[in-house]
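The values are calculated or read from the model by the stated rules, or taken from the named source; none is laboratory data. Everything quoted here is computed from the prediction, not taken from an experiment. All Cβ positions, even for glycine, are placed from backbone atoms using ideal geometry, and neighbour counts span all protein chains on display.
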Amino acid sequence: MKQDIDQSGSLTADLQNRLAFRLYQCANQLNKTGTRWLDRHDVTTQQWAVLGALVRERWVNGIAVRDLAKLLMVSRQNLTGVLSRLEARGWIERVVDVNDNRSRLIKLTPVGWQRWADMQEDIASFYKESMGNLSNNDMIHMLHYLDILRENFRAIDEAQGGEE
C-alpha cells in the first residue's frame, strides 16, 4: 500500500476523482429528486433555492440580483430566467432600492410568501427522507467539509476571472 501512495500520489488522485464525481452525482440527484418531491407545488429546485434565499430575514425587503447570484453561486444570466418565471407567477417582484432609486431589488410577494409556507411540510419531509440516516454530528461535519470545498471552488472561480 505504501508503494501505491508513493507512486505520484495515485491513491490521492483517485480519491479526489471519486469525491468530485460523487459531488456531481449528488448535485444532480438533489436537483432531480428535489424537483420531483415538490412537483405538486409547481416549483423546481432552482426556484426553491431562490425562494429560500428571499425568506431570510436579511433580505425580506429585497436583494440585488448580483447579490442573489453571488449567494446562490450562479451566473446572473442563469438567474435571470428563473427570476422571470417567478415574477410571471407573481411570486416575486422587483422594487426600487430605497438607498439607490436607480437600482431594483428582488423580494417575495404575499403570493410568494404563501407559496413558501405551503411548501414547508414537504420540504421538511424531503430533508428527513434524504438525510434521515445522518446524525447531527454527521451533518455538522459535512457542512464543515462542504464549506471548505465551496471556498476552494470560489477561489478557483475568482482566479479564473469568474463573476463576483
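Data overview
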read-out: Qualifying position, being surrounded by 16 or more Cβ atoms within 10 Å (Cβ to Cβ) and more than 19 Å from residue 153 (Cβ to Cβ), among 57, 87, 93; value: 93
read-out: Close pairs from the stretch 76-90: first free of Cβ contacts under 8 Å to residues at least 60 places away in the same chain, partner assigned to a helix (DSSP H, G or I) and not hydrophobic (A, V, I, L, M, F, W, C), Cβ under 8 Å, at least 6 apart; value: 82/46; 82/47; 85/47; 86/47; 86/112; 90/112
read-out: Matching residues, the stretch 111-164, being under 21 Å from residue 72 (Cβ atoms), among the polar types (S, T, N, Q) and in contact with a Phe, Trp or Tyr (Cβ under 9 Å, 6 or more places away or on another chain); value: 130
read-out: Residue pairs meeting the criteria (Cβ under 7 Å; at least 6 apart or on separate chains; first polar (S, T, N, Q), in the stretch 104-129; second surrounded by 17 or more Cβ atoms within 10 Å (Cβ to Cβ)); value: 109/91; 109/92; 109/93
read-out: Which numbered condition residue 86 misses (of (1) at pLDDT below 95; (2) part of a helix (DSSP H, G or I); (3) closer than 27 Å to residue 128 by Cα); value: (1)
read-out: Residue within the stretch 109-132 that is surrounded by 13 or more Cβ atoms within 10 Å (Cβ to Cβ), on the phi < 0 side of the Ramachandran plot and not in a helix (DSSP H, G or I) present; value: yes
read-out: Search result, residues across the stretch 90-131 that are in contact with a strand residue (DSSP E or B) (Cβ under 7 Å, 6 or more places away or on another chain) and more than 20 Å from residue 57 (Cα to Cα); value: 103
read-out: Filtered residues of the stretch 26-62 (kept if in a loop (DSSP other than H, G, I, E, B), at negative phi and out of contact with any strand residue (DSSP E or B) (no Cβ under 9 Å at 6 or more places or on another chain)); value: 38, 43, 44
read-out: Options 121, 151, 129, 93: the member that is charged (D, E, K, R) and within 17 Å of the chain's Cα centre (by Cα); value: 151
